[in-house]
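**Student:** The structure's right below; bear with me while I get my questions together.
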Amino acid sequence: MPKYGVNLLLWADKFDRESVDLIPKVAEMGFDGVEIPIFDHETVDIRHTKAALRDTNLHPIGCAIMTHDRNPIHEDAAIREIGKNYLKHSIDVLAELGGDTLVGPVYSAVGALVGRGRNQQEWDWCVDILGEVADFAGQRGVTVAMEPLNRFETYFLNIVADAIKLSSAVNSPFFKIHLDTFHMNIEEKNLAQAITNAGTLLHHLHACENDRGTPGTGLVDWEEVFNALARVNYDRWLVIESFTPAVKEIAAATAIWRDIAPSAEILATEGLAFLKRMSAKHLQ
């Protein structure tokens, strides 16, 4: 059976000493793990976070974000190097917290759109950097799972077919695929086929509705999604990732201008209940 998690961006725009207090809240809701946004290493209180995870028995998952000043495919070699070092540092932080999976769009800066598709030079830069990052991750018992995003957030990687291609190019057992049904609903012709094609490379899943609302309340064909997960024998994380207008910086970055659920807590708890019902039906 899969495990269930929620991303803390539902309540906070960063992870610091104050947001560690969200960890007991997540545990009380019935989740098995917590996806921690490791956006700024300096704000992460390792000791305090480890204590909270130990006390709640929650498993940490790391979530990375690439920005314009740490972009692995930037034409400036110094910026590419900063991106590589950010990912390595994130892996170290996660490993120290006891986690084994770092997820997110690790290949390019989110929101960096250049008016064209990717080129071969960018691809080569990305493969070289992520190959080194994957080797580094493997030495620390961490797997990096890349997340294809929709075309309005990145031009570099939008569909599962290209994620499979990048995984093959990096060629590491510690570099796999992270899918998000929100982005897939925009980009894939068929969600179930995309999941099936990912197969054993699928290492992490964001189970998100088409409007980022509560899973089970929108247009995502969850029967198809869970049938496909059953076909590939998926038994890893099902994580809810959503955002609310109350967290202003994240709302601005993700264009969440209206309430998509009565509250963050309702979105999390009702979404969790739905995912557990679907898992019980399909993933025995």
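**Student:** Return the residues of the range 216-236 that are surrounded by fewer than 20 Cβ atoms within 10 Å (Cβ to Cβ), hydrophobic (A, V, I, L, M, F, W, C) and not in a helix (DSSP H, G or I); say none if nothing qualifies.
**Tutor:** LEU219, VAL232
**Student:** I've got another one for you. How many residues, within the range 35-49, are under 18 Å from ARG70 (Cα atoms), free of Cβ contacts under 8 Å to residues at least 40 places away in the same chain and surrounded by 13 or more Cβ atoms within 10 Å (Cβ to Cβ)?
**Tutor:** 3
**Student:** Now a separate question. Answer with yes or no whether ALA280 is touching a helix residue (DSSP H, G or I) at 6+ places or on another chain (Cβ under 6 Å) and either in a helix (DSSP H, G or I) or open to solvent by 60 Å² or more (accessible area, probe 1.4 Å) (or both).
**Tutor:** Answer is no for this residue.
**Student:** Follow-up question, since we're still on this one. Which of the residues that make up the range 8-30 are open to solvent by less than 10 Å² (accessible area, probe 1.4 Å) and either assigned to a loop (DSSP other than H, G, I, E, B) or touching a Cys at 6+ places or on another chain (Cβ under 6 Å) (or both)?
**Tutor:** PHE15 - this is the single residue of the range 8-30 that is open to solvent by less than 10 Å² (accessible area, probe 1.4 Å) and either assigned to a loop (DSSP other than H, G, I, E, B) or touching a Cys at 6+ places or on another chain (Cβ under 6 Å) (or both).
**Student:** Can you run down the residue pairs with Cβ atoms below 7 Å, 6 or more apart or on separate chains, where the first is in the range 87-99 and at negative phi and the partner is assigned to a helix (DSSP H, G or I) and open to solvent by 40 Å² or more (accessible area, probe 1.4 Å)?
**Tutor:** These pairs meet every condition: LEU97/LYS50.
Residues checked against (1) more than 17 Å from the chain's Cα centre (by Cα); (2) over 25 Å from ASP128 (Cα atoms):
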residue	(1), (2)
PRO148	no, no
ALA161	yes, no
LYS176	no, no
ILE195	no, yes
ALA198	no, no
VAL220	yes, yes
ASN227	yes, yes
ALA230	yes, yes
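**Student:** In addition: Suppose we filter the range 85-117 for residues that are open to solvent by 40 Å² or more (accessible area, probe 1.4 Å) and closer than 16 Å to HIS203 by Cα; how many remain?
**Tutor:** The number of residues fulfilling the criteria is 1.
**Student:** Do you know which residues across the range 168-208 are touching a Ser or Thr at 6+ places or on another chain (Cβ under 7 Å), closer than 17 Å to GLU153 by Cβ and part of a loop (DSSP other than H, G, I, E, B)?
**Tutor:** Once the filter is applied, which keeps residues that are touching a Ser or Thr at 6+ places or on another chain (Cβ under 7 Å), closer than 17 Å to GLU153 by Cβ and part of a loop (DSSP other than H, G, I, E, B), the range 168-208 yields only CYS208.
**Student:** Checking LEU130 against (1) touching a residue at least 60 places away in the same chain (Cβ under 8 Å); (2) open to solvent by less than 10 Å² (accessible area, probe 1.4 Å): exactly one of these is not met. Which one?
**Tutor:** The number of the failed condition is (1).
**Student:** Does VAL239 meet the test of being among the β-branched types (Val, Ile, Thr), surrounded by 13 or more Cβ atoms within 10 Å (Cβ to Cβ) and not in a helix (DSSP H, G or I)?
**Tutor:** On the way: among the β-branched types (Val, Ile, Thr): yes; surrounded by 13 or more Cβ atoms within 10 Å (Cβ to Cβ): yes; not in a helix (DSSP H, G or I): yes.
Yes; evaluated as a whole, the condition is true for this residue.
**Student:** Still on this structure, I have one more. Which residue, of PHE182, PHE152, is open to solvent by 70 Å² or more (accessible area, probe 1.4 Å), within 19 Å of the chain's Cα centre (by Cα) and under 22 Å from SER242 (Cα atoms)?
**Tutor:** PHE152
**Student:** Within the group LYS165, LYS189, LYS176, which residue is without any contact (Cβ under 8 Å) to a residue 40 or more places away in the chain, of a type outside the set (Gly, Ala, Ser), open to solvent by 10 Å² or more (accessible area, probe 1.4 Å) and touching a His at 6+ places or on another chain (Cβ under 8 Å)?
**Tutor:** None of the others qualify; the one that does is LYS176.
The values are calculated or read from the model by the stated rules, or taken from the named source; none is laboratory data. Bear in mind the structure is a predicted one, so any value in this text is a computation, not a measurement. Reconstructed Cβ throughout: ideal geometry from the backbone, glycine too, with neighbour counts over all protein chains shown. What goes into the accessible areas is simple: the full protein's heavy atoms, side chains included, and nothing from ligands, DNA or RNA. Shrake-Rupley method; radii C 1.70, N 1.55, O 1.52, S 1.80 Å.
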